[in-house]
Amino acid sequence: MTDLKSALEAVLFAAGDPVPIARLSLSFAIPPEEIESAAMKLAEEYEREERGIRLLRMEDRLQLCSAPDYASLITRTLEQRRPPMLSAAALETLAVVAYYQPVTRAVIEKMRGVDSSYTVSSLQEKGLIAAAGRLEAPGRPTLFATTDLFLRVMGVSALSELPPLPEVQGTEGVEQLRKSIARLQNAEEAQQTLFSENPAVEEEQEA
């Protein structure tokens, strides 16, 4: 197990990006369950020993990242400016995508009641949402879904960990969406994570 944990640590460190458990299983020539067990033990060691790195699981992928406790020190050391907070419009749009994905821009705009072209593009540039195919309908509009970065920023390992959404519609439904996703967003940690992925992010301005 020690050798397996060390090998897993080396591969994830070298990869940088999330790596599918299935791919690790194939490369290591062992069952996925053994990869998951080693990853869990490695993550526990990082936490217990208060190490400067953490092992994250995002759905069926694993990734190494810096411990959130050192976000401000990392930012200061790398001379990065403090990132802007997500605007209310961006947070609202992100909530709609998170709970109703895959979803088209037309559906997002219907729920929000305003044009969301700029906001959708901004969230794509930030890496929080991405195209996830096309709807089989006239015009074949693009479907949008959240990304691995969304899971990291929100501090969850899977979409199933999002707070349950009440069965409501219209304006009240959007407000519930906003409140649900706002409970997840630790401003300091989330924005530091977002900025570390996209140092050129500019504050969103939506008319």
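The values are calculated or read from the model by the stated rules, or taken from the named source; none is laboratory data. Every value quoted in this text rests on a predicted model; they were computed, and no experiment measured them. When we count neighbours, we look across all protein chains shown, and the Cβ atoms used for this are built from the backbone with ideal geometry, even at glycine. Side chains are part of the model used for accessible areas, which takes the heavy atoms of the whole protein and leaves out ligands, DNA and RNA. Shrake-Rupley method; radii C 1.70, N 1.55, O 1.52, S 1.80 Å.
Points worth noting:
Yes/no matrix, rows are residues, columns are (1) open to solvent by 90 Å² or more (accessible area, probe 1.4 Å); (2) not β-branched (Val, Ile, Thr):
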| position | (1), (2) |
| --- | --- |
| THR2 | yes, no |
| ILE21 | no, no |
| GLU36 | no, yes |
| GLU50 | yes, yes |
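- If you go through the stretch 23-34 and pick out every residue that is in contact (Cβ under 8 Å) with a residue 12 or more places away in the chain and either open to solvent by 50 Å² or more (accessible area, probe 1.4 Å) or farther than 21 Å from LEU149 by Cα (or both), you end up with 4.
- Of all residues in the stretch 110-121, those that are among the aliphatic types (A, V, I, L, M) have Cβ atoms under 7 Å from Cβ atoms of residues that are open to solvent by 50 Å² or more (accessible area, probe 1.4 Å), 6 or more apart or on another chain, in VAL120/ARG105.
- Check on GLU136, open to solvent by 20 Å² or more (accessible area, probe 1.4 Å) and out of contact with any helix residue (DSSP H, G or I) (no Cβ under 8 Å at 6 or more places or on another chain): yes
- Leading residue by the ranking (surrounded by the fewest Cβ atoms within 10 Å (Cβ to Cβ)) among those in the stretch 4-19 that are modelled with pLDDT of 90 or more and either of a type in the set (Ser, Thr, Tyr) or not in a helix (DSSP H, G or I) (or both): SER6
- Selection status of PRO164, open to solvent by 60 Å² or more (accessible area, probe 1.4 Å), modelled with pLDDT of 90 or more and within 21 Å of the chain's Cα centre (by Cα): no
- Of all residue pairs spaced 6 or more apart or on separate chains, those with beta-carbon atoms under 9 Å, a first member in the stretch 1-12 that is farther than 12 Å from GLU34 by Cα and in contact (Cβ under 8 Å) with a residue 24 or more places away in the chain and a second member that is open to solvent by less than 60 Å² (accessible area, probe 1.4 Å) and part of a helix (DSSP H, G or I) are GLU9/LEU42; LEU12/LEU24; LEU12/ALA39; LEU12/LEU42.
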